[in-house]
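Please read the structure below before turning to the comments.
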Amino acid sequence: MPSLNLESGTAASSELVAGSSAAIAPGFERESYWKMIGQRFVQHKLAVAGMVVLGLLILISVLAPWIAPYDPNEITGAFAASPSSQHWLGTDQVGRDVLSRLIYATRVSLAVGVVTVLLYVCVGTIVGAIAGYVGGWVDMLINRIIDVFMSFPSLMVILVLVTVLGTGLSNIIIVLALLGWPAVARLVRGSVLTLRQTEFVKAGQALGFSAPRLIFGHILPNAMGPILVNATFGAAAAILSESSLSFLGMGVQPPTASWGNMLNAAQSITALTSQPWLWIPPGLIIILSVLSINFIGDGIRDAMDPRRTSA
Amino acid sequence: MSAMRMPIEESADKPLLELEGVHKYYPVQKGKFSKTVGQIKAVDGINLQVYPGETVGLVGESGCGKSTLGRSIIGLEEITSGKVLFEGRDLTQVSNTEMRKLRRDIQMIFQDPYSSLNPRKRIVDLITEPLHVLRGISDAEALQQASQLMEIVGLSAQGLGKYPHEFSGGQRQRIGIARAVALKPKLIICDEPVSALDVSIQAQILNLLKELQREFNLTYLFIGHGLGSVKYMSNRIAVMYLGKVVELAPVQTLFSSPRHPYTRALFDAYPIPNPHLRNKERMVLEGDVPSPASPPQGCRFHTRCPLASSKCREEEPILTEDTFQKGHLYACHDPLG
Amino acid sequence: MLNYVLRRLLIAIPVLFGVTFLNFVLINLAPGDPVDMYVNPDVSEEDKQLRREALGLNDPFMIRYWKWLANLVQGDLGHSFSSFQPVTSLIAERIGPTLLLVGASILFGYLIAIPIGIYCAVKSGSKFDYLMSTTSLLGVSIPNFFLGLGLIYIFGVLLGVLPTGGMSTMGGNDGIGDTLTHLILPTITLGTSISGGMIRYVRASVIEVLGQEYLRTARAKGVREFIVIHKHALKNALIPLITIAGLDIPVLIGGAVITESIFQWNGMGQLTIQAIFSRDFPLLMGVNMLAALSVLAANLWSDMMYAVVDPRIKYS
């Protein structure tokens, strides 16, 4: 039996105490949970490819002012000119350079994807956590609200809301976020309900930890997996939704370029048949970005699957 | 070392923990509108005193309510009626802030070492968090205490940086114990702390608990499933059946002269290795445990008791003290011996 | 089981109220009022006020909601602002084509997804499986309007084999065959969006069932693999599909709006777009209401089917 004398420390503990914080101390073996997830993730070739592409897209959107050959809103060429050495992807019906518009539109779409998801994940997580932890009539009420929200086919509601609130990037983001939070809330609620019953949470309660501390410090970190997966796929869905809306003319309005509203040009039969450079590039880049994000989501989901034995 | 423990003088001190008429009922809901059609009487009227420094064992079949009782004391369940008095203060009546302060003095060791530690937290965080939150201790101080605690429970302080999944069941239980002891509580409720462990490890953990009790002057309420461990740990033992205490006695007395048929049946159910020592006459119970939602009339045990009489079917016996042996209580109309 | 059904129906009622209420709130958020928009601007202000009074527009919110709800229950959804016809008859006209499209798309989606999904599961890990998994992800990543446009371009313009839009050829014989040829491209467009997810679901479900213990028993008994798969595994793997069929409905309703718009398919989707662009609120409300109701019905269907399939609920 080890020494029970509380006065004498051991060699290990004195080393620990000397100028180190609890989180990072020398001599400790570190096997971080996230490192393990990361290792599993990189085994998924497609997911890695997705990350590369996404990284490229982010880079493009950040460096847009420097890499775009022209100002996206400036008329720099003839109407609907076909691709040439001056305009690699030709010009649109008004005479703006398609390539530059495509590059700047990357910003719009990525913004939609990121901001929308951030918004609704935060709201959904908080609401779901409260519903799951507190239970009782609060839970029932929130549940009914979620049911109501989820009863509407999303595109319809989006269209109606946009009609009512008006178009534009920020409105789109708000509307999409408004539609996305119930799914996350339901997910989080389920996780919190399950985790609330675990022994380590009961131990935390027995130790007197407050509810916020338990929810945010103990329960939610364990629920991160599904939330992260949902958020990733949600970003892809948001980008698709925005492009659909803009395509219909209900989203981002010209002159601001968005992949979706660039595709709007294809509505006319002439554009569709004889001016493919107007609509094929934006379509392809939408597919590329959404596909990459979906691959990443797949990778995350497989990496976090608790049923898989360690890599 | 053996189970030779002297019974503590009851009248000497005031009890650290006192349970008065504690009931815990769970509503049974059926039907379209979730109407409450009945109650599961998990704990149905418990009176118990636990004195400073002793270990009171709580033993009984699965479903007898012992775990529920343990959780009710520590506040994980809200009792339906009755009083839980800790150092004279009724825990059911105190405010939330008061309760948080009191939590420093009452702690729990959980049964399942695999789920009672947050898998995402490092050991150092698991042990130091309560120190920060409940005793407001600084980082450096908490770290030092944590490493000392690890050594005390028999683990290397190097383990502080690891995650729970890197430890075996027995080691995890040691960590759970370290966490409970970290706050230097007065009372620890041990909820079947060794039931989930290999038999070879059980003895080590029990010994650890005993050492800690001596060193830190702890009081234990030891809830157990196996008679062996409860016998080893306790000064006094309370036997529970269907939510009630049927016998309460110092450990030696209980084992040498049990009075309640159920207690006797529990002992007899234990296989004895030496054939010559085996009791020829065993008390064998008939039937299944009745549902706690509808306990039998009269004495709850009468449906399975081989010695049941008509009086047992009608009148419920009250837990009374034996006239000759102080400290030995039982609830039976026709006690053994 | 009856209990379960009744409980589900009971829960659906407050949700129904919530849906109607939310619908009403949404529409009323819009700026501008109908009298301003649809009345001759020369009309004087007093007359406009009278009109408003007559239309009940000055009543308090809850009263208007109640009136609208009462009308709704009787089947009266008001009159379209732009065409002055009753909303219900407008919807009745258009609902047929949409049902046809949605029905065909579900059929298409499942017909493609189930065999592929099963094959992928059986040959799990093979090149085919890998290829299909990626392709199904692709299916989910293509915006359906792009797919539609692409299909029109390839088959309608470049190859010229299929019509590029509309429900029937102008000057044609308007027969079933004609409608069917027009149906092909929209169906592929709409059906692809659900088939991607369906393939993955079928694959996962069949894989899970194939690994089950009771199949090992069948194999141990010497039953041939083919029969093992078809008789034992598929039944259990595919029955859940019925339950999740309901979940595709919201996706299809939304997708139909865009698909119909591209292909000039005269269904509810087109109606919705028109209503939006002309700010025709009663029409929009009616369409929205119908969509929400169908989603609710689909969810209820899913839950019911789940109860039928899962014996634990059936016999409780």
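Of the residues C:LEU72, C:LEU138, C:LEU101, C:LEU107, which is in contact with a Pro (Cβ under 8 Å, 6 or more places away or on another chain) and assigned to a helix (DSSP H, G or I)? Give the derivation first.
Working: C:LEU72 fails: in contact with a Pro (Cβ under 8 Å, 6 or more places away or on another chain); C:LEU138 fails: in contact with a Pro (Cβ under 8 Å, 6 or more places away or on another chain); C:LEU107 fails: in contact with a Pro (Cβ under 8 Å, 6 or more places away or on another chain).
The match here is C:LEU101.
When the residues of the stretch B:188-204 are filtered to those that are within 12 Å of chain A (Cβ to nearest Cβ) and surrounded by fewer than 21 Cβ atoms within 10 Å (Cβ to Cβ), which remaining residue is farthest from B:PRO113 (Cα to Cα)?
B:GLN204
Restricting attention to the stretch A:111-146, which residues are β-branched (Val, Ile, Thr) and either within 14 Å of chain C (Cβ to nearest Cβ) or under 13 Å from the mean Cα position of the chain (by Cα) (or both)? Steps first, please.
Of the residues in the stretch A:111-146, the ones β-branched (Val, Ile, Thr) are A:112, A:114-117, A:121, A:123, A:125-127, A:130, A:134, A:138, A:142, A:145-146.
Of everything in the stretch A:111-146, those that are β-branched (Val, Ile, Thr) and either within 14 Å of chain C (Cβ to nearest Cβ) or under 13 Å from the mean Cα position of the chain (by Cα) (or both) turn out to be A:VAL112, A:VAL114, A:VAL115, A:THR116, A:VAL117, A:VAL121, A:ILE142, A:ILE145, A:ILE146.
Looking at B:VAL133, B:VAL84 in this structure, which one is of a type outside the set (Ser, Thr, Tyr) and facing chain A (nearest Cβ under 8 Å)? Break it down into steps so the answer makes sense when it comes.
Working: B:VAL84 fails: facing chain A (nearest Cβ under 8 Å).
Only one candidate qualifies: B:VAL133.
When the residues of the stretch A:183-197 are filtered to those that are assigned to a helix (DSSP H, G or I) and within 12 Å of another protein chain (Cβ to nearest Cβ), which remaining residue is nearest to B:VAL94 (Cα to Cα)?
Here is the first cut: in the stretch A:183-197, the residues assigned to a helix (DSSP H, G or I) are A:183-196.
Subset that is within 12 Å of another protein chain (Cβ to nearest Cβ): A:183, A:194-196.
Details: A:ALA183: 39, A:THR194: 29, A:LEU195: 28, A:ARG196: 24 Å.
Restricting to residues being assigned to a helix (DSSP H, G or I) and within 12 Å of another protein chain (Cβ to nearest Cβ), the top hit is A:ARG196.
Within the stretch B:119-142, is even one residue in contact with a strand residue (DSSP E or B) (Cβ under 8 Å, 6 or more places away or on another chain), modelled with pLDDT of 85 or more and more than 25 Å from A:LEU195 (Cα to Cα)? Working first, answer last.
Our first condition is that a residue be in contact with a strand residue (DSSP E or B) (Cβ under 8 Å, 6 or more places away or on another chain); within the stretch B:119-142, this holds for none.
Among the residues of the stretch B:119-142, not one is in contact with a strand residue (DSSP E or B) (Cβ under 8 Å, 6 or more places away or on another chain), modelled with pLDDT of 85 or more and more than 25 Å from A:LEU195 (Cα to Cα), which makes the answer no.
Which residue, of B:ILE152, B:ILE106, is hydrophobic (A, V, I, L, M, F, W, C) and more than 7 Å from every other protein chain (Cβ to nearest Cβ)?
On the way: B:ILE152 fails: more than 7 Å from every other protein chain (Cβ to nearest Cβ).
Testing whether each residue is hydrophobic (A, V, I, L, M, F, W, C) and more than 7 Å from every other protein chain (Cβ to nearest Cβ) leaves just B:ILE106.
For the stretch C:232-260, which residues satisfy the criterion of being at the interface with chain A (Cβ under 8 Å from one of its Cβ atoms) and without any contact (Cβ under 8 Å) to a residue 40 or more places away in the chain? Even if it seems obvious, please write down each step before you answer.
To start, the set of residues in the stretch C:232-260 that are at the interface with chain A (Cβ under 8 Å from one of its Cβ atoms) comprises C:249-251, C:253-255, C:257-258.
Within the stretch C:232-260, C:GLY254, C:VAL257 meet the criteria.
Just one of (1) in a helix (DSSP H, G or I); (2) at pLDDT below 90 trips up A:ALA80, so point out which.
For A:ALA80, the failing item is (1).
What is the residue count in the stretch B:297-337 for residues that are outside any loop (DSSP other than H, G, I, E, B) and either in contact (Cβ under 8 Å) with a residue 40 or more places away in the chain or within 25 Å of the chain's Cα centre (by Cα) (or both)?
So in the stretch B:297-337, the residues outside any loop (DSSP other than H, G, I, E, B) come out as B:310-314, B:320-321, B:329-330.
From the residues that got through so far, the ones that are either in contact (Cβ under 8 Å) with a residue 40 or more places away in the chain or within 25 Å of the chain's Cα centre (by Cα) (or both) too are B:320-321, B:329-330.
The total comes to 4.
Would you confirm, using the coordinates I've provided, whether B:ASP288 is part of a loop (DSSP other than H, G, I, E, B), more than 27 Å from B:LEU19 (Cα to Cα) and either charged (D, E, K, R) or in contact with a His (Cβ under 9 Å, 6 or more places away or on another chain) (or both)? Before the answer, list the steps.
On the way: part of a loop (DSSP other than H, G, I, E, B): yes; more than 27 Å from B:LEU19 (Cα to Cα): yes; either charged (D, E, K, R) or in contact with a His (Cβ under 9 Å, 6 or more places away or on another chain) (or both): yes.
It is true that B:ASP288 is part of a loop (DSSP other than H, G, I, E, B), more than 27 Å from B:LEU19 (Cα to Cα) and either charged (D, E, K, R) or in contact with a His (Cβ under 9 Å, 6 or more places away or on another chain) (or both).
Among the residues of the stretch B:155-170, write down those that are surrounded by 18 or more Cβ atoms within 10 Å (Cβ to Cβ) and either more than 7 Å from chain A (Cβ to nearest Cβ) or part of a helix (DSSP H, G or I) (or both).
As a first pass, look at the stretch B:155-170 and keep what is surrounded by 18 or more Cβ atoms within 10 Å (Cβ to Cβ): B:155, B:157, B:159-164, B:167, B:170.
Scanning the stretch B:155-170 gives B:LEU155, B:ALA157, B:GLY159, B:LEU160, B:GLY161, B:PRO164, B:PHE167, B:GLY170.
Just need a number here: residues in the stretch A:147-178 that are at pLDDT 85 or above, within 14 Å of chain C (Cβ to nearest Cβ) and crowded, with 22+ Cβ neighbours inside 10 Å.
Qualifying residue count for the region: 2.
Would you say C:ILE142 is modelled with pLDDT of 85 or more and either under 19 Å from the mean Cα position of the chain (by Cα) or within 26 Å of C:GLY267 (Cβ to Cβ) (or both)?
Numbers: modelled with pLDDT of 85 or more: yes; either under 19 Å from the mean Cα position of the chain (by Cα) or within 26 Å of C:GLY267 (Cβ to Cβ) (or both): yes.
Against the criterion (modelled with pLDDT of 85 or more and either under 19 Å from the mean Cα position of the chain (by Cα) or within 26 Å of C:GLY267 (Cβ to Cβ) (or both)), C:ILE142 qualifies.
Tell me which helices (runs of 4 or more DSSP H) are completely within the stretch A:198-311 and hold 1 or more residues being more than 14 Å from chain B (Cβ to nearest Cβ), surrounded by fewer than 19 Cβ atoms within 10 Å (Cβ to Cβ) and in contact with a Pro (Cβ under 8 Å, 6 or more places away or on another chain), or say none if there are none.
Working: elements: A:199-206, A:220-248, A:259-263, A:269-274, A:276-304.
Those helices (runs of 4 or more DSSP H) span A:276-304.
Looking at (1) at pLDDT 80 or above; (2) part of a loop (DSSP other than H, G, I, E, B); (3) touching a Gly at 6+ places or on another chain (Cβ under 8 Å); (4) surrounded by 13 or more Cβ atoms within 10 Å (Cβ to Cβ), which is the one condition that is false for B:SER294?
(4)
Among what's in the stretch C:6-24 and is surrounded by 15 or more Cβ atoms within 10 Å (Cβ to Cβ) and more than 11 Å from chain A (Cβ to nearest Cβ), pick the residue that is nearest to C:MET304 (Cα to Cα).
Going through the qualifying residues, I end up with C:ARG8.
Residues are listed down the side, and each one gets a yes or a no for (1) under 30 Å from A:GLY297 (Cα atoms); (2) at pLDDT below 50; (3) within 13 Å of another protein chain (Cβ to nearest Cβ):
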{"site": "A:MET1", "(1), (2), (3)": "no, yes, yes"}
{"site": "A:GLY19", "(1), (2), (3)": "no, yes, yes"}
{"site": "A:PRO26", "(1), (2), (3)": "no, yes, yes"}
{"site": "A:TYR33", "(1), (2), (3)": "yes, no, yes"}
{"site": "A:PRO72", "(1), (2), (3)": "no, no, no"}
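Quick one: count up the residues across the stretch C:273-287 that are buried (at least 24 other Cβ atoms within 10 Å of the Cβ) and within 7 Å of chain A (Cβ to nearest Cβ).
Going through the stretch C:273-287 one residue at a time, the tally reaches 1.
Given the conditions (1) touching a residue at least 12 places away in the same chain (Cβ under 8 Å); (2) in contact with a Leu (Cβ under 7 Å, 6 or more places away or on another chain); (3) crowded, with 17+ Cβ neighbours inside 10 Å, which single one is not true for B:ILE137?
Result: B:ILE137 fails condition (1) only.
The values are calculated or read from the model by the stated rules, or taken from the named source; none is laboratory data. Predicted model only: the values in this text are computed from it and were never measured. Counting neighbours? That spans all protein chains shown, and the Cβs are built from the backbone with ideal geometry, glycine included.
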